[in-house]
Amino acid sequence: MAEQNFDLVIIGAGPGGYVAAIRAGQLGLKTACIELEPRLGGTCLRVGCIPSKALLESSELYSEARHGFEAHGFSVKGVELNLPALMQRKDDIVTQLTDGVAFLFKKNKVERFFGHGRFDGPGRVIVKANDGTESTLTYKNCIIATGSKYAALRGVELDGERIVGSTEALSFPEVPARLIVIGAGYIGLEMASVWSRLGSQVTVLEYLDRILPGMDSEIANEAQRMLKKQGLEFRLGTKVTGAKVVGKGKKAEVQVEIEGAEPLSADRVLVAVGRWPNTDGLNLESVGVKLDERGRIDIDEHFHTSTANIYAIGDVVKGPMLAHKAEHEGVACVEQIATGYGHHTHNIPGVVYTYPEVASVGRTEDELKEAGVEYKKGSFIFKANGRAKALNATDGRVKLLADAKTDRLLGAHIIGARAGDLIAECVMAMEFGACSEDIARTSHSHPSLSEIVKEAAWATFAQALHS
Ligand code: NAI
C-alpha cells in the first residue's frame, strides 16, 4: 500500500498525544495520531483519572448520604447502593469524553490511525491494525506519547480478577468484603477510599514508613490521620513478598505474604506500586532513540530525543506521571515544532482526590530543609473559614512556603475540601514569580474557601487576619 505523508505523526492518543494532535491541527500541520485502543483519550480518560473521579464522587455522595447529613439537621433512611448503576454512570462519562476527543480530531482535521505504531527506520512509522494489515506513514516530525503501564511487583502476579491493577479495580463486580491495597500512593489511596466508602474493609500496605511519598510530609501525615478516621487501616514499613489465590469458586481468597509478619488474606488485592514507561514494540533501535537509566525515553529540555525530528512527551519521559504534565508538554512540543518556541514549566501541581483532597505544587518543606534554603512558612486552617463551616468541611489546612529574603512563593501544600481547585491560584502565583504578599493583597471573594489561601499568605509574609 502507498505511503501516506504527514507533517507530524503522533504515537499515542492519551492526554499528551491527543492534545498535541489537536494543537497541531489548529496550527495547520497535516497530522496523524496512532492509537491501539478503540477509544481515544489514553489511560487517563479510559481507565484512569476520569473513571476514578466518577467513582470518587459517587462513593463520596453515598457516604455523605449515610453519615454526613445529620450534621445539617436532617437524616435520610434506606440509602441503598446500586453498584451496576454507579458503574454505568462512570462508563457513560468515559464514553462521552472519549467520543469528545474523536469529535475534536475531526474538527481539527487530525487523521486517526487505529493500531499499534512502530518505527521502521528514519522518517517512517508502520501501523499494524488488529486484523494484521499494515499501513506506512512518513513524517517530517514525530512525537512519541505512549504513556505508561503498571509497574510489576516481584512475587505478585496479577490475574486480573482477584489480584489486580488499577484498571480492574475500577470495575469490581461486587463490593469486596476485604480489600488489600499494596502501595499508599495516588492510585492506592483513591481506590482505597472508593471501596471503603462503598463498604469494603480496606488495609493499605506501604513499603515506606509514610504515605504519599513526594508530597510534603506534614500534610501527608495529616492525610493519613484523616483517612484512618474514615476507616482505612494502614500498615507502613511493610514489604510484600508475594500473593497467591487460594481456594476455588466462592471460597477463593488471596493470601498476601509479608516479610517478617503473618500473611494477610483478602477477597481482592489491588497492586498500585507505581507505573512504568511504555516503550514496548516501538522498534526504537531502528531510529536510534535511546532510553535513560530508568527505562524512559531520554530527552533534552526541549523534548528532543537522541534522534533528530523525533520528540517524546508525557509519562514515557522524565517528570511526574500526570495527565496535565503530558498535556502541557504536548502543546509546548507542537508549538516549538510549528513556531520555534514552546512554553515550558516546572510548576506542575499534584492532586490526590481523596476526601479531603491533597494538593501540592513546588517544593516541599522537607526538600527546602534538605537543600538548606531559608524559608518562611504560613498556614491557615479550614476550621477558621466561614464557607468551610457552612460546607461542614472544616478539616485541613493551606500551607505556603516562601523564600525568607524575597518572599517569593516556593511551594504550596493543601489538604482540605476542593484542595485540587484551590491549588490553581498557587500554581499561577508561582508561574508569575509572585510573592506571598501578592496573594495576600489580591482580593478574594467572601465567603469562599479561597480565603484560606489568602489567610495562609498573610500568615507567611505578616500575620493571618483571622487567627
Ligand atoms: P505512586 O508512585 O503514587 O505510589 C506507589 C506507592 O507504592 C509508593 O508509596 C511506594 O512507596 C509504594 N510501594 C512501592 N513498592 C511497594 C511494595 N513492594 N510494597 C508496598 N508498597 C510499595 O504510584 P501509583 O499510586 O501506582 O500511581 C501511578 C502514577 O499515576 C503516579 O505517578 C501518579 O502520578 C499517577 N496518578 C495520578 C492521579 C492523580 O493525579 N490524582 C491518580 C492516579 C494516578
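Judged by the gyration tensor of its Cα atoms, with axes a ≥ b ≥ c, the chain is oblate; a/c meets the 1.5 cut and b/c is at least as large as a/b. Residues 49, 333, ranked from the fewest to the most other C-beta atoms within 10 Å, line up as 49, 333. In terms of surrounding Cβ atoms within a 10 Å radius of their Cβ, 127, 9 rank from fewest to most as 127, 9. Annotation for segment 196-226 versus segment 7-70: alpha-carbon center distance of 26 Å. Annotation: for a label point projected 7 angstrom from Cα along Cα→Cβ of residue 7, residues of segment 94-130 with backbone N closer than 17 Å are 105-112.
Residues of segment 132-176 with the amide nitrogen closer than 11 Å to a label point 7 Å from the Cα of residue 81, along Cα-to-Cβ, please. Label zone hits: 172-176.
Give me the aspartates and glutamates in straight-line cross-link reach of residue 376: C-alpha distance below 14 Å, same-chain residues under 8 apart excluded. Correct list for residue 376: 365, 366, 367, 403, 407, 437.
Measuring between alpha carbons in the structure, the pairs from 228/399; 128/290; 30/325; 318/383; 53/399; 405/454 lying more than 31 angstrom apart are 318/383. Working from label points 7 Å from Cα in the Cα-to-Cβ sense, the residue 309 to residue 167 distance is 3.3 nm. Taking the centroid of alpha carbons for each part, segment 95-139 and segment 248-277 are 38 Å apart. Calculated mean residue ellipticity at 222 nm for the chain: -9500 deg cm²/dmol, from DSSP H runs with n ≥ 4 weighted as -39500 (n - 2.57), summed, divided by the residue count and rounded to 500. Find the centroid of the Cα atoms in segment 340-358 and in segment 306-338, then give the distance between the two in whole Å. After rounding, the separation between the Cα centres reads 15 Å. Put in line by how crowded their Cβ is, counting other Cβ atoms within 10 Å and starting with the fewest, 168, 70, 301 read 301, 70, 168.
Each peptide in 249-258, 409-418 was scored by the mean count of other Cβ atoms within 10 Å over its residues; highest first, the order is 409-418, 249-258. Dipole of segment 1-127 computed with +1 at Lys/Arg Cβ and -1 at Asp/Glu Cβ about the Cα centre; of 63, 22, 75, farthest Cα towards the positive end is 22.
Read-outs throughout are calculated quantities, based only on the coordinates presented, and are distinct from any laboratory measurement. Only a predicted model underlies this, so the values are computations on that prediction, with no experimental measurement involved. Counting neighbours? That spans all protein chains shown, and the Cβs are built from the backbone with ideal geometry, glycine included.
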